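Heads up: the structure comes next, in structure tokens.
Read-outs: derived from the displayed coordinates by stated rules, not from any lab. The shown structure was predicted, so the numbers you read here are calculated from the model rather than taken from an experiment. Neighbour counts are summed over all protein chains in view; Cβ atoms, including those assigned to glycine, are modelled from backbone coordinates with ideal geometry.
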Amino acid sequence: MKKLIIYTLLIFFLAVSLLGIVIAYKQLFSISYFERTALVAISAGILGSVVYMTRGFYQSLAEKNDENKMFDFNRWVWWYLCRPIMGAIIGLILFIIIYLAFDLDQTNKNILAIFLLSFLSGYNFHEFMEKRITKKIEI
């Protein structure tokens with residue numbers, strides 16, 4: 001039952017990210033280029049984090065023989081809840097940095113580039129933060 005909850009969370013965040021991309025692509029609410037691109041970056045960050053979480057989820061299901069690697073719902077549920085939110089925030093921050101640093105033309109090519117960078121930042125955020133947290137500070 002607990003694994004079903006995690007699976008449902010993955011499907012929910014996947015649907016939210018894909019809905020954001022469709023809304024931005026179709027311009028359903030007649031939003032500006034800035035808002036559309038920001039929505040694409042947020043959705044791509046969520047999508048990248050969901051892809052990474054899905055990878056971790058199926059690996060934890062496959063490793064049933066090792067007691068140290070068994071899936072512990074109470075330990076991981078917060079990761080599955082917070083990770084897409086962090087992916088969305090990192091995607092938005094990356095978009096703002098790119099938007100402020102470069103004067104980009106309003107083209108679909110630039111939206112695609114921001115999508116790819118936000119996806120990668122959402123996907124790779126775990127390793128980036130893990131290296132920063134575990135790095136020892138020497139005096």
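Assorted remarks:
- Spacing of the modelled spin labels on I5 and V51, each 7 Å from Cα toward Cβ, amounts to 2.8 nm.
- Burial order of peptide ranges 82-95, 43-56 (average beta-carbon count within 10 Å, highest first): 43-56, 82-95
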